[in-house]
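These notes concern the structure reproduced below.
We did not get these values from a lab; they are worked out from the coordinates using the rules stated. The structure presented is a predicted model; accordingly, all values stated were derived computationally and were not measured. Positions of Cβ are generated from backbone atoms using ideal geometry, with glycine treated the same way; all protein chains shown enter the neighbour counts.
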Amino acid sequence: MREPVLVSACLLGLATRYDGKRITEPVVEILKERYLLIPVCPEQLGGLATPRPAAEILDGDGFSVLAGKARVLTHEGREVTRNFLRGAEEVLKICRMLRIRRAFLKAKSPSCGLTPRVGVTAALLLSEGVEILELG
C-alpha cells in the first residue's frame with residue numbers, strides 16, 4: 001500500500017486558491033505514482049470561501065499565530081486568524097486519522113508555506129512532527 005501524504009489541494013489543480021485560479025504542479029504526477037495523495041485546503045476547512053481576499057500573517061509567522069502573538073488579516077483588513085487556526089486544526093485531525101507523517105504543501109501561502117515565513121498550518125504540522133516539503 002502506498003504511504004498517505006497530504007498535498008495542498010491547489011497543487012492538484014483544484015480551484016481552492018484564494019483567487020479561485022487553477023494551477024498544477026508537474027511534480028505531482030510523479031508523487032501520484034509513489035504516494036496516496038490526500039488533498040487539503042486549510043483555508044476552506046477553516047470556513048473561508050473561494051475566491052477570497054488574499055491574506056497575510058502580521059507581526060510574526062505561523063508559530064506566532066499559534067502562540068496568540070500574531071494575527072492573519074486579509075489585504076482588505078478583515079481578521080481571519082480564527083479561520084486559519086480552525087483550518088490548521090482540521091488538517092491536523094486528518095493527519096492523525098490517517099497517520100500521515102509527510103506533507104507536500106504550497107509555497108508562499110500564509111497557511112501552507114514555509115517561505116517567506118512559516119504558515120499557520122505548516123507551523124502546527126511541524127510542531128506535531130510532520131515532515132513538510134514545499135512545492136510551487
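Would you point out the residue of segment 47-78, among those that are out of contact with any His (no Cβ under 6 Å at 6 or more places or on another chain), of a type in the set (Gly, Ala, Ser) and over 10 Å from VAL120 (Cα atoms), that is surrounded by the most Cβ atoms within 10 Å (Cβ to Cβ)? So that I can check it myself, show each step before the final result.
Our first condition is that a residue be out of contact with any His (no Cβ under 6 Å at 6 or more places or on another chain); within segment 47-78, this holds for 47-52, 55-78.
Now narrow it down to the ones that are of a type in the set (Gly, Ala, Ser): 47, 49, 55, 60, 62, 64, 67-68, 70, 77.
Subsequent filtering for residues that are over 10 Å from VAL120 (Cα atoms) retains 47, 49, 55, 60, 67-68, 70, 77.
Numbers: GLY47: 13, ALA49: 10, ALA55: 25, GLY60: 16, ALA67: 10, GLY68: 9, ALA70: 19, GLY77: 7.
If we take residues in segment 47-78 being out of contact with any His (no Cβ under 6 Å at 6 or more places or on another chain), of a type in the set (Gly, Ala, Ser) and over 10 Å from VAL120 (Cα atoms), then ALA55 is surrounded by the most Cβ atoms within 10 Å (Cβ to Cβ).
Which one of ILE23, ILE30 is exposed (fewer than 13 other Cβ atoms within 10 Å of the Cβ), β-branched (Val, Ile, Thr) and more than 14 Å from the chain's Cα centre (by Cα)?
Within the list ILE23, ILE30, the selection yields ILE30.
The single residue among ILE38, ILE100 that is hydrophobic (A, V, I, L, M, F, W, C), within 17 Å of ALA9 (Cα to Cα) and not in a loop (DSSP other than H, G, I, E, B) turns out to be ILE38.
Taking first residues from segment 101-117 that are surrounded by 23 or more Cβ atoms within 10 Å (Cβ to Cβ) and partners that are assigned to a loop (DSSP other than H, G, I, E, B) and of a type in the set (Val, Ile, Thr), the Cβ contacts under 6 Å between residues at least 6 apart in sequence or on separate chains come to ALA103/VAL130.
Quick one: LEU126 ticks every box in (1) aliphatic (A, V, I, L, M); (2) assigned to a strand (DSSP E or B); (3) surrounded by fewer than 18 Cβ atoms within 10 Å (Cβ to Cβ) bar one, so which box is it? Every condition holds for LEU126 apart from (2).
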